[in-house]
Amino acid sequence: MAGLSAINPQFLYVCAGIFLFAIGLWGTWLHAHYVRKIISLNVMGAGVFLTLIAVAYRGENLPPDPVPHALVLTGIVVAVSATALALVIIRRLEDATDV
Amino acid sequence: MILDALSVLLLLLGLFFFVSGLLGLWRFPNTFARLHALTKADNLGLGLVMTGLLFQVPDVLWAIKFVLVWLLALVASAVNAHLIAVFLHRQQERHDESA
Amino acid sequence: MNLLDGLWGVLDLLLVAVLLLLAMAAVLSSDRRRSMMLFIVFGLVLALVWARLHAPDIALAEAAIGAGLGGALLMATLRRDTHQQTDRFPQHPALVWGAGVLVMVLGTAIAWGLLSILPTVEQTWRKGAAVDAQLAFSGVSHPVTAVLLNFRAWDTLLELAVLLAAILGIRALGYVRSTYVTEAAFSQLAVWLVPLLILMAGYILWAGAHSPGGAFQAGALLAGAGILLRLAGYSYAGLPTARWLVRLGLVAGTGVFLLVGLGLLGWGQGFLHYPVAYAKWWILLIEMLATVSIGMTLTLAFMGGIPQKEAA
């Protein structure tokens, strides 16, 4: 118990965010199918967001920094709109190659 | 103090149903049985957790929100389970026809 | 006290472990449908992580937009006719593992760089204190909303423009074949869930002024209602049938935001520099129209850009 409480949550979540980024990069790079590339790209994005929010976190008793929060909120919406555009292009591509 | 004890009791009871639902999801042999375990146990578990939390609310508005969360989760899980079951049923029928 | 701290440590480790395992499974799974499901679950666990890190605004947005809408958009790419689509890495295993090692080395380098400057963050680029100092003049009392709609309104305007550009791109692609089937169960659900979703969207929009919430979360709820209507068999998904109304709705958020900005500039206030006394009302106006635009944009994105009658 004492050992675990020594882990700084900020450190833990920054590392987790960077790991997500790396995993996502791996998938985006190697997957052949576009939908899988998109999923991996979103995992990458989630890693960046997690890193930012972990930096904004200032412990249990202090309010977190609102600026990265606003940034990430913007980022989530931009990511989903880019994803939507990419997925519709993929759907259109598959429709075109089918017929 | 009595309210706190009641809360803890209900939360633990709810937790028990969540754990048994999880066990069912893990160990049951087919998807229909797994759905049964999941929906039954989760609905009851969530209901108990929500009832436990109701003893801790500061005012009525919070209580309404809790009940709303529970109702929405009930509806969502019921519809989800129904859709998965219908999909599987159709798939099996198609399989029987082709066999 | 010590025990509670230890408990938080255990919870943190559990959350991170589940999150990382789900991400790896979503990226590496060879079954495409399973990968999408795992990505949705990943988004939901991520929402829990946001809540843990005291970021309730992002938790709401992640659950509604990242996991909910992202998942719906992904599932719409699955074809009706095929059962299982497998994608494995096409490369030689040695190359796959080599690339894996390479990205991990890159990750370690980034982590090392970032963690070495982390202790200085508090003194260098932290802007939280500046936000707190100006909060009283922003027209809202929730710091995240103040940053989004007042201090950095310029960014949010451009973000809405990105959303508009994306939907214009989607519409420019023409009709795409719809891959989902309508279900009777949804039409009964829609009858009372859609009004509730609209009510909740209004509440979240209003609450954004003083507590977590705002236009993006509210817009995502509206889009959820739209997607539900589409799956219940309404071919227009609750969107207006008149084309000009759809177009107007899509540009309303960006357009009014821009007009308010330019109007204030003409008034001698500076671009998007609200007069303190009226800031609240300008923000509310912009947020209301942005909510409508975001809801319509995301619903249309799910439908492939252009409403169409179900092909019989």
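The values are calculated or read from the model by the stated rules, or taken from the named source; none is laboratory data. Computed from a predicted model, the values in this text were never measured in an experiment. Here the Cβ is made from the backbone with ideal geometry for all residues, glycine too, and neighbour counts use every protein chain on show.
Condition (residue is farther than 22 Å from residue B:74 by Cα, at pLDDT 90 or above and more than 15 Å from the chain's Cα centre (by Cα)) applied to region C:185-204: is it met by at least one residue? First the steps, then the outcome.
Keep residues of region C:185-204 that are farther than 22 Å from residue B:74 by Cα, which gives C:202.
This time we only want the ones that are at pLDDT 90 or above, so: C:202.
Next, from what is left, pick out any that are more than 15 Å from the chain's Cα centre (by Cα): C:202.
Checked region C:185-204: at least one residue is farther than 22 Å from residue B:74 by Cα, at pLDDT 90 or above and more than 15 Å from the chain's Cα centre (by Cα).
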Checklist (1) over 19 Å from residue C:144 (Cβ atoms); (2) surrounded by 22 or more Cβ atoms within 10 Å (Cβ to Cβ) applied to residue A:68, failing item: (1)
Every residue from region A:35-49 that is touching a residue at least 24 places away in the same chain (Cβ under 8 Å), at the interface with chain C (Cβ under 7 Å from one of its Cβ atoms) and either over 14 Å from residue C:73 (Cβ atoms) or of a type in the set (A, V, I, L, M) (or both): A:35, A:46
Filter pass, residue C:67 being in a helix (DSSP H, G or I), in contact with a Ser or Thr (Cβ under 8 Å, 6 or more places away or on another chain) and farther than 27 Å from residue A:62 by Cα: no
Any hit, region B:27-41, residues being in a helix (DSSP H, G or I), over 25 Å from residue B:92 (Cα atoms) and either in contact (Cβ under 8 Å) with a residue 60 or more places away in the chain or not charged (D, E, K, R) (or both): yes
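Of all residues in region C:27-64, how many are within 18 Å of residue A:49 (Cα to Cα) and in a helix (DSSP H, G or I)? First the steps, then the outcome.
We begin by selecting, within region C:27-64, every residue within 18 Å of residue A:49 (Cα to Cα); these are C:27, C:39-64.
Then drop every residue that is not in a helix (DSSP H, G or I), which leaves C:27, C:39-52, C:56-64.
Total meeting the criteria: 24.
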Which numbered condition residue C:92 misses (of (1) at the interface with chain A (Cβ under 10 Å from one of its Cβ atoms); (2) surrounded by fewer than 16 Cβ atoms within 10 Å (Cβ to Cβ)): (1)
Unmet criterion (only one of (1) among the small types (Gly, Ala, Ser); (2) at positive phi; (3) within 28 Å of the chain's Cα centre (by Cα)) for residue C:261: (2)
Candidates C:121, C:103, C:140, C:96, filtered to the one that is in contact (Cβ under 8 Å) with a residue 24 or more places away in the chain and among the β-branched types (Val, Ile, Thr): C:140
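Per-residue answers, yes or no, for (1) buried (at least 19 other Cβ atoms within 10 Å of the Cβ); (2) within 16 Å of residue C:306 (Cβ to Cβ):
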{"residue": "C:212", "(1), (2)": "yes, no"}
{"residue": "C:222", "(1), (2)": "yes, no"}
{"residue": "C:225", "(1), (2)": "yes, no"}
{"residue": "C:237", "(1), (2)": "yes, yes"}
{"residue": "C:269", "(1), (2)": "no, no"}
{"residue": "C:275", "(1), (2)": "no, no"}
Among residues of region C:141-175, those that are assigned to a loop (DSSP other than H, G, I, E, B) and among the acidic types (Asp, Glu), counted: 0
All positions within region C:36-62 that are in contact (Cβ under 8 Å) with a residue 24 or more places away in the chain and touching an Asp or Glu at 6+ places or on another chain (Cβ under 8 Å): C:43, C:46, C:52
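From the list C:265, C:245, C:259, C:300, exactly one residue is touching a residue at least 12 places away in the same chain (Cβ under 8 Å) and either of a type outside the set (Val, Ile, Thr) or part of a loop (DSSP other than H, G, I, E, B) (or both). Which is it? Give the steps one after another, and end with the answer.
On the way: C:265 fails: touching a residue at least 12 places away in the same chain (Cβ under 8 Å); C:245 fails: touching a residue at least 12 places away in the same chain (Cβ under 8 Å); C:259 fails: touching a residue at least 12 places away in the same chain (Cβ under 8 Å).
Only one candidate qualifies: C:300.
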Subset of region C:120-137 that is at the interface with chain A (Cβ under 10 Å from one of its Cβ atoms) and part of a helix (DSSP H, G or I) - its residue that is nearest to residue C:283 (Cα to Cα): C:135
Residue within region C:190-198 that is in a loop (DSSP other than H, G, I, E, B), within 13 Å of chain B (Cβ to nearest Cβ) and out of contact with any His (no Cβ under 9 Å at 6 or more places or on another chain) present: no
Sole residue being among the basic types (Lys, Arg), crowded, with 17+ Cβ neighbours inside 10 Å and modelled with pLDDT of 85 or more, chosen from B:27, B:34: B:34
Test: residue C:207 is in contact (Cβ under 8 Å) with a residue 40 or more places away in the chain and touching a Gly at 6+ places or on another chain (Cβ under 9 Å): no
Residue, surrounded by the most Cβ atoms within 10 Å (Cβ to Cβ), within region C:1-48, restricted to residues that are more than 7 Å from chain A (Cβ to nearest Cβ) and under 25 Å from residue C:147 (Cα atoms): C:43
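Please find, within region A:80-99, the residue that is farthest from residue C:156 (Cα to Cα) out of those that are more than 7 Å from chain C (Cβ to nearest Cβ) and in contact with a helix residue (DSSP H, G or I) (Cβ under 9 Å, 6 or more places away or on another chain).
A:93
When you go through A:30, A:12, A:25 one by one, which is the residue that is touching an Asp or Glu at 6+ places or on another chain (Cβ under 6 Å), surrounded by fewer than 24 Cβ atoms within 10 Å (Cβ to Cβ) and within 7 Å of chain C (Cβ to nearest Cβ)?
Values: A:30 fails: touching an Asp or Glu at 6+ places or on another chain (Cβ under 6 Å); A:25 fails: touching an Asp or Glu at 6+ places or on another chain (Cβ under 6 Å).
On inspection, the qualifying residue turns out to be A:12.
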Selection from region A:53-79 of residues that are within 7 Å of another protein chain (Cβ to nearest Cβ), out of contact with any Asp or Glu (no Cβ under 7 Å at 6 or more places or on another chain) and either closer than 21 Å to residue C:64 by Cα or in a helix (DSSP H, G or I) (or both): A:53, A:54, A:55, A:66, A:67, A:70, A:72
Of the criteria (1) surrounded by fewer than 16 Cβ atoms within 10 Å (Cβ to Cβ); (2) under 18 Å from the mean Cα position of the chain (by Cα), which one residue C:254 fails: (1)
Residues of region C:153-177 that turn out to be surrounded by fewer than 20 Cβ atoms within 10 Å (Cβ to Cβ) and facing chain A (nearest Cβ under 7 Å), as a count: 5
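Run down C:103, C:131, C:176 and say which single residue is at pLDDT below 85, within 29 Å of the chain's Cα centre (by Cα) and under 30 Å from residue A:27 (Cα atoms).
Details: C:103 fails: at pLDDT below 85; C:131 fails: under 30 Å from residue A:27 (Cα atoms).
The unique qualifying residue is C:176.
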